[in-house]
Amino acid sequence: MKPINVGLLGIGTVGGGTWTVLSRNAEEITRRAGSPIRITAVADRNTELATQVTGGAARVTADAFELVKDPEIDIIVELIGGYTVARDLVLAAIENGKHVVTANKALLAVHGKEIFAAAQAKGVTVAFEAAVAGGIPIIKALREGLAANRIQWVAGIINGTTNFILSEMRDKGLPFADVLKEAQRLGYAEADPTFDIEGIDAAHKATLMSALAFGIPVQFDKAYVEGITRLEAVDIKYAEQLGYRIKLLGIAKRRETGVELRVHPTLIPSSRLIANVEGAMNAVLVQGDAVGATLYYGKGAGAEPTASAVIADLVDVTRLATAEPGHRVPHLAFQADQLVDLPILPIEEVQTAYYLRMRVEDRAGVLADITRILAEGSISIDAMLQKEPGEGESQTDIILLTHQAIEGQVNAAIANIEALKTVVGKVTKIRLEELN
Ligand code: HSE
């Protein structure tokens, strides 16, 4: 049993968790992997912290480039994050014949094509279970557990920060900005929360899942990305009255003409299990033709949950290292020469249902004008809510839920509705998925 030597790049939250779990469960992990897996070297700018966490049991250096060239290292674990230095390090590790385990969704979503091609050419593995939904083994499920299926769609709550914010907005009826401040105070949201609240982090993860589900290249640049910053508490309230919850969903859906790849706030029926995933938890729903719907739930971030995924990859790579590269599980689930060129559809071609909220003058014929415009666009109404005007008010809110429609036609109808003299201001549009 030759020990497997791991070089760890970055010993922050997840790196520290990886060290702790690998030490605590060493015996059990060895029984599973067939060889002891030990972190023999750590690279971190904060060498003091690295020495403190490892207690002198690993070599510590500030030079990560030195580590990726070290002939004694078998596997590099990249936990630095970001697109630039991390990309150079991962490519250098591959070039030096090392397997790579990474939690870096941004890197793989943006530079995945280049990185997987380099790994394929060199006969090494790039494993990334920790990159999507933290501790939930969703990559394993998509790549192996569901391999018999033609996957139809994947829909996930894959960003804990935004799910925490939406849960708080619903529970306390507070506006987005107030809850964001609270999330930052509690340490859920970063000081710069842009990637989370603008949906970018979720889009990185959805991009990776779309590749695994449909055998297409990773194409983050084609994803439609809309975060939660413009979501108003009033829409969460109206959605609830209509029997829905609003979640930030990452969706990858197969259509005949291509793939829908989108992240946006979405109404989901409150009765669905996934609608009841609250706080910082993650969940992914996968629809396969043979298995039907399967749901995966757990912690999407944090030191030990994410370390759980990192170490599962280390065990996998340890087991697979002796297999011929052609006999290993392919990086993106499908054999590298079997990827298909299904286009990612523009958002105007997406087909889904819609929640539309508009402020109108409360007088005869207003609703008739609105429904006529929708009918002209072949948009069928599924449900409607109209509030009584408040005391002394002449305006009121109308909320419409539509059946499935094409986004471009819905946008055209909204423009016509906004042009009516009896409609005040803009129409709020939120997409709706029944997920059935
Ligand atoms: N920032 C992410 C989240 C965790 O809030 O879920 C890491 O991907």
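The values are calculated or read from the model by the stated rules, or taken from the named source; none is laboratory data. Not measured: the values here are computed from a predicted model. Virtual Cβ from ideal backbone geometry, glycine too; neighbours counted across all protein chains shown. Calculation scope for accessible area: heavy atoms of the full protein, side chains included, ligands and nucleic acids excluded. Shrake-Rupley method; radii C 1.70, N 1.55, O 1.52, S 1.80 Å.
If contacts are Cα pairs under 8 angstrom and at least 6 residues apart, what is the relative contact order of region 1-154 in percent?
19
In region 205-265, which GluC sites (Glu not before Pro) are in a loop and have at most 14 other Cβ atoms within 10 Å, using DSSP for the loop call?
GLU232, GLU256
Using a probe of 1.4 angstrom, how much of the accessible area of the chain is carbon and sulfur, in percent?
50
Please enumerate, by chain and number, the lysines with C-alpha under 28 Å from the C-alpha of LYS69, excluding those fewer than 8 residues away in the same chain.
Filter leaves LYS2, LYS98, LYS105, LYS113, LYS122.
DSSP loop trypsin sites (Lys or Arg not before Pro) in region 394-436 with at most 16 other Cβ atoms within 10 Å of their Cβ, which ones?
LYS421
Tell me the angle of helix 105-122 to the major Cα principal axis of the chain, expressed in degrees between 0 and 90 and rounded to the nearest ten.
For helix 105-122, the angle is close to 40 degrees.
Would you mind pulling out the separation of the Cα centroids of region 384-398 and region 121-142, in Å?
51
Assign unit charges at the C-beta atoms only (+1 for Lys and Arg, -1 for Asp and Glu), then state the dipole size of region 349-432 relative to its Cα centre in Debye, rounded to the nearest 20.
The dipole of region 349-432 has a size of about 140 debye.
Of GLY408, GLY365, THR396, which is farthest towards the positive pole of region 349-432's charge dipole, taken about the Cα centre with +1 and -1 on the beta-carbons of Lys, Arg and Asp, Glu respectively?
GLY408
Would you mind getting the accessible area per residue of the chain, heavy atoms of the protein chains only, 1.4 Å probe, in Å²?
43
Provide, for region 138-298, the number of lysine pairs with alpha carbons under 17 Å apart, each pair being eight or more places apart or on different chains.
9
Considering Cα pairs under 8 angstrom that are at least six residues apart, work out the relative contact order of region 1-72 and quote it in whole percent.
35
Rounded to the nearest Å, what's the spacing between the alpha carbon centres of region 18-96 and region 285-362? Just the number, please.
26
Suppose every Lys and Arg Cβ carries +1 and every Asp and Glu Cβ carries -1, with no other charges. What dipole size does the chain come out with about its Cα centre, to the nearest 20 debye?
700
Could you grab the relative contact order for the chain? Cα pairs under 8 Å, six or more apart, rounded to a whole percent.
16
In region 128-221, which trypsin sites (Lys or Arg not before Pro) are in a loop and have at most 12 other Cβ atoms within 10 Å, using DSSP for the loop call?
Answer in residue order: ARG150.
Using Cα atoms only, what is the angle between the long axis of helix 160-172 and the major principal axis of the chain, expressed in degrees (0 to 90) to the nearest 10?
Approximately 40 degrees, to the nearest ten.
In cubic angstrom, how much convex hull volume per residue do the alpha carbon atoms of region 138-298 span?
Convex hull volume per residue, Cα atoms: 113 Å³.
Would you compute, from DSSP H runs of 4+ residues alone, the mean residue ellipticity of the chain at 222 nm, taking -39500 (n - 2.57) per run and dividing by the full residue count, rounded to the nearest 500?
Using -39500 (n - 2.57) per qualifying helix, the result is -11000 deg cm²/dmol.
Averaging over all projection directions, find the projected area of the Cα convex hull of the chain and quote it in nm² with one decimal place.
22.1
Read phi for every residue in region 228-239 and hand back ³J(HN,Hα) as whole Hz from Karplus 6.51 cos²θ - 1.76 cosθ + 1.60, θ = phi - 60°, with x for Gly and Pro.
10, 5, 9, 6, 9, 4, 5, 6, 5, 5, 5, 4
Can you list the residues, at least 5 places off or on another chain, whose amide H is less than 5 Å from the amide H of TYR244, using H built in the peptide plane?
Result for TYR244 returns SER270.
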